[in-house]
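Just so it is clear, none of the values below were taken in a lab; they were calculated from the coordinates. Quantities reported herein were computed from a predicted structural model and do not represent experimental measurements. Cβ coordinates were reconstructed from backbone atoms using ideal geometry, including for glycine residues, and neighbour counts include every protein chain displayed.
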Amino acid sequence: MPRSLPILFALRDSDPTRDQYQTGPIHMRILIADDHPIVRHGLKQMLASDPAATVVGEATNGDEALELARKVEWDMAIFDFTMPGRSGLDLLGDIKREFPGKPVLILSMHSEDVHGSRVLRAGGSGYITKDSAPQELATAVRKVANGGKYVSASLAEILASECSSDPQKALHEKLSDREYRVMWLLATGKQISEIAKEMGLSPSTVSTYRTRILRKLSLTSNAALVHYAVRHQLVG
């Protein structure tokens, strides 16, 4: 069970931020996608407390979510970052290509400094960690629903630091979204067979990605990749 699930059940109608961010009678039809049924249930409970929001569909992985987005009418999506098949980042790219005007909020068990800025650059409307306070999650949903972008205080610091740092991009920032995911999974210790299963790819395809990633990062081994990821604070 994900370590952060309890916060999804903590929201109540007495949430003090409710009226502050409810700026109009906009009714939002929302898609949710997460491979953990308890998280989906928690999200639905939270959204059910807002009469201006309706969950019109739920999916257990990225492929299901994309098919669902093509079949139902929706206004906003909430996707988990890490799912079988298409990750939240892959799914975000597909959604933005097919539905460029639709806002997407990404939920993740990983801290903002790992993936947050990349999600925003890919077109996400916000990035929230699952262990955030319930008020933060509620605020993010309402802000995105009203056309804004949600950036937490910690993510804002990261973005400010990136803007003030050397304009020369780090090598991993030049990876494609799929390469970045393979790189990150390798850096967390996953084997090629495990990555292939999680991403719905063949082992040979993952090996090809690995070769390409090492070349782009000017590295020669998985051990060097792990050191690179730790040095750039991509993994704990």
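Under a Cβ-Cβ cut-off of 12 Å, what is the net charge of the residues other than residue 59 that fall near it, where Lys and Arg count +1 and Asp and Glu count -1?
-3
Using θ = phi - 60° and the Karplus relation 6.51 cos²θ - 1.76 cosθ + 1.60, list the HN-Hα couplings for the stretch 55-72 in order, rounded to whole Hz, with x at every Gly or Pro.
Listing the rounded values in order: 7, 9, x, 9, 9, 9, 7, x, 5, 4, 4, 5, 4, 5, 4, 7, 9, 10 Hz.
Which ³J(HN,Hα) values in Hz, rounded to whole numbers, follow from the phi angles of the stretch 204-214 under the Karplus curve 6.51 cos²θ - 1.76 cosθ + 1.60, where θ = phi - 60° and Gly and Pro get x?
Along the stretch 204-214, the couplings run 5, 5, 4, 4, 5, 4, 4, 4, 5, 5, 4 Hz.
What net charge do the residues around residue 177 carry, taking every other residue with its C-beta under 13 Å from that of residue 177, with Lys and Arg at +1 and Asp and Glu at -1?
+4
Return the long-range amide H neighbours of residue 53 (sequence gap of 5 or more, or a different chain), with a cut-off of under 5 Å between placed amide H atoms.
For residue 53, the qualifying residues are 28.
Please report, in Å, the Rg and the Dmax of the stretch 171-231, where both are computed over Cα atoms only.
Cα-based Rg and Dmax for the stretch 171-231 come out at 10.4, 30 Å.
Roughly what would the spin-label model give for residue 176 and residue 136, points 7 Å off Cα along C-beta, in nm?
About 3.3 nm, to one decimal.
In terms of Cα to Cα distance under 16 Å, which lysines are near enough to residue 44, apart from those fewer than 8 places away along the same chain?
Within the straight-line limit of under 16 Å, residue 44 reaches these lysines: 130.
Calculate one ³J(HN,Hα) per residue across the stretch 184-201 by plugging θ = phi - 60° into the Karplus curve 6.51 cos²θ - 1.76 cosθ + 1.60, and present them in order as whole Hz with x for glycine and proline.
Karplus values, whole Hz, x for Gly and Pro: 5, 5, 4, 5, 8, x, 6, 7, 4, 5, 5, 5, 4, 5, 5, 9, x, 10.
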